[in-house]
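So the structure is just underneath, and the comments pick up after that.
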């Protein structure tokens with residue numbers, strides 16, 4: 001692919017390239033991790049581990065962190081490692097024992113966990129980083145951007161700054177009652193839905209308040225989905241979990 005023009009301009013004390021490629025303009029990739037070409041939606045996806053390493057060398061906030069290493073004791077039940085999900089199929093390796101987030105998201109989540117532990121509670125993660133190719137698969141049976149990310153735009157999960165989670169009692173390991181299960185595609189799962197028992201509303205409020213106090217935003221249609229707001233700062237990734245581990 002030929003680049004017809006490269007313009008370098010300064011934003012917030014950082015130089016960011018604007019690449020005009022065959023009529024498309026891309027501004028969300030630093031030069032050091034620029035993929036070779038856009039996909040069919042015109043998105044630039046990082047699929048090369050070296051590109052990620054280069055990005056991290058230039059900006060440590062791009063680091064993809066092993067959640068279990070940065071938050072010891074956090075509980076994981078990675079739904080897409082099994083068939084117990086809305087797709088009814090394994091989308092991640094079945095033996096996967098951890099997941100990943102960008103460094104700022106992981107640090108913020110660690111603070112949430114610490115606040116909950118004082119109350120005898122903790123977090124359980126259902127999903128965090130998700131390869132872009134999995135987002136493409138998830139879109140096909142749903143095709144409703146209220147409940148699945150449109151691959152034309154990608155997901156916060158692909159950027160490593162979104163997490164699906166709930167609260168558990170750290171002694172019994174039981175989940176607090178949130179009114180619906182994970183990936184429940186109805187109005188009842190919407191974050192502002194109020195026609196629920198008082199205890200459910202209190203549990204949802206506890207999770208939401210702590211997450212928002214630590215910089216996350218909740219998705220309108222999923223009480224369990226939280227993300228960092230400055231998503232375009234982070235490149236879309238299609239790296240395997242094995243690539244992130246090595």
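Here, each number is a calculation from the coordinates, and none is a lab measurement. Small disclaimer: the values here were computed from a predicted structure and weren't measured. Backbone-built Cβ (ideal geometry, glycine too); neighbour counts: all protein chains shown.
Between residue 184 and residue 205, the contour length at 0.36 nm per residue exceeds the Cα-Cα span by 5.7 nm.
Once the Cα atoms of helix 198-213 and of the chain are each reduced to a long axis, what angle between those two axes, in degrees from 0 to 90 to the nearest 10, is obtained? Approximately 30 degrees, to the nearest 10.
Going by the alpha-carbon gyration tensor, a ≥ b ≥ c the square roots of its eigenvalues, is the stretch 55-133 rounded (a/c under 1.5) or, if a/c is not under 1.5, prolate (a/b greater than b/c) versus oblate? Taking the square roots of the gyration eigenvalues as a ≥ b ≥ c, the stretch 55-133 is oblate.
Angle of helix 103-117 to the longest C-alpha principal axis of the chain, folded into 0 to 90 degrees and rounded to 10: 10°. Within the chain, antiparallel bridges make up roughly 85 percent of the DSSP beta bridges whose residues both belong there.
Sorting 142, 163, 65 from the fewest to the most surrounding beta carbons within 10 angstrom yields 142, 65, 163. Size descriptors for the stretch 104-246, from the alpha-carbon set: Rg then Dmax equal 15.3, 46 Å.
Against the main long axis of the alpha-carbon atoms of the chain, helix 132-142 sits at an angle near 60°. Among 97, 155, the ranking by other beta carbons within 10 Å of each residue's beta carbon, starting with the fewest, stands as 97, 155.
With the Cα gyration tensor of the chain in hand, give its eigenvalues times 5 under a square root as the equivalent ellipsoid semi-axes, listed largest first in whole angstrom. Each step should come with its number before you reach the end.
Details: eigenvalues 210, 76, 60 Å².
Those come to 32, 19, 17 Å.
Separation of the stretch 205-246 from the stretch 98-172 is 5 Å, based on Cα centroids.
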